[in-house]
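Some notes on the structure that comes next.
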Amino acid sequence: MFVQRCSATRLGATLARRLAVWKLDVWGIQYSSPLSDTVALLVAELAANSVLHGRVPGRDFELRLSYAYRTGVVRVEISDTHEARPDPAPVSRPDAEADGGRGLLIVEAIAARWGVSDRLGPGKAVWAETEPVAR
């Protein structure tokens, strides 16, 4: 398990992604491997959503990363203190001309499963898990 608080800024989201792939490498999952790349994208999208939609002035977001060695499943969890919760129902496609709105669509496409759960204190945790990897 790895836990790190990051500032609710673009820089904080970038740091969360870099810390995640670093920690995976420490756990034996090489940089630029398919699993590392998948986790990097999940962290990038969930952290960006937290910064854009879950930011509460003066509050950070939290990255929580866990790795089940036996199954090869990585769980990414981003917590923030904003009360708004994304709907884990199938995500609808945004208008083709829209500047945003594709983050959860990407998460839904590459994660084995994802959802929203309660956290201690105010806010929520948005999480995603990777497919099991043969060891």
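The values are calculated or read from the model by the stated rules, or taken from the named source; none is laboratory data. If you're wondering where the values come from, they're calculated on a predicted model, not measured in any experiment. We place every Cβ from the backbone using ideal geometry, glycine too, and count neighbours over all the protein chains shown. With ligands, DNA and RNA removed, areas are computed over all heavy atoms of the protein, side chains included. Shrake-Rupley method; radii C 1.70, N 1.55, O 1.52, S 1.80 Å.
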With an 8 Å cut-off on Cα pairs and a minimum separation of 6 or more residues, tell me the relative contact order of region 1-95 in percent. 31 percent
Rounded to whole Hz, the Karplus (6.51, -1.76, 1.60) HN-Hα couplings of region 35-43, x for glycine and proline: 5, 4, 5, 5, 5, 4, 5, 4, 4
For region 14-70 the trypsin sites (Lys or Arg not before Pro) that pass both the DSSP coil test and the at-most-12 other-Cβ-within-10 Å test are R70
Expected 222 nm ellipticity per residue - DSSP helices of 4 or more, -39500 (n - 2.57), all of the chain, to 500: -11000 deg cm²/dmol
Which chymotrypsin sites (Phe, Trp or Tyr not before Pro) in region 11-66 sit in a loop by DSSP (not H, G, I, E or B) and have at most 15 other Cβ atoms within 10 Å of their own Cβ? W27, Y31
Taking the Cα centre of the chain as the origin, how large is its charge dipole in debye, to the nearest 20, when only Lys and Arg (+1) and Asp and Glu (-1) carry charge on their Cβ atoms? 440 debye
Roughly how many percent of the accessible protein surface of the chain is carbon and sulfur, given a 1.4 Å probe and a whole-percent answer? 52 percent
Using amide H atoms built in the peptide plane, which far-off residues or other-chain residues are under 5 Å from A8 H to H? F61
Considering only P86, L46, G12, whose Cα is most displaced toward the positive end of the charge dipole of the chain, charges sitting on Cβ of Lys, Arg (+1) and Asp, Glu (-1)? G12
Here are labelled values, (i) 39, 34, 25; (ii) 51, 35, 23; (iii) 34, 33, 26, and one is the computed Cα extents along the principal axes in Å for what I pasted. Which one? (i)
GNM, the chain, Cα, under 10 Å: largest mean-square fluctuation among L42, L19, L120? L120
Identify, among V107, Y67, V56, the residue whose Cα sits farthest towards the positive end of the charge dipole of the chain, taking +1 on the Cβ of Lys and Arg and -1 on the Cβ of Asp and Glu, with the dipole about the Cα centre. Y67
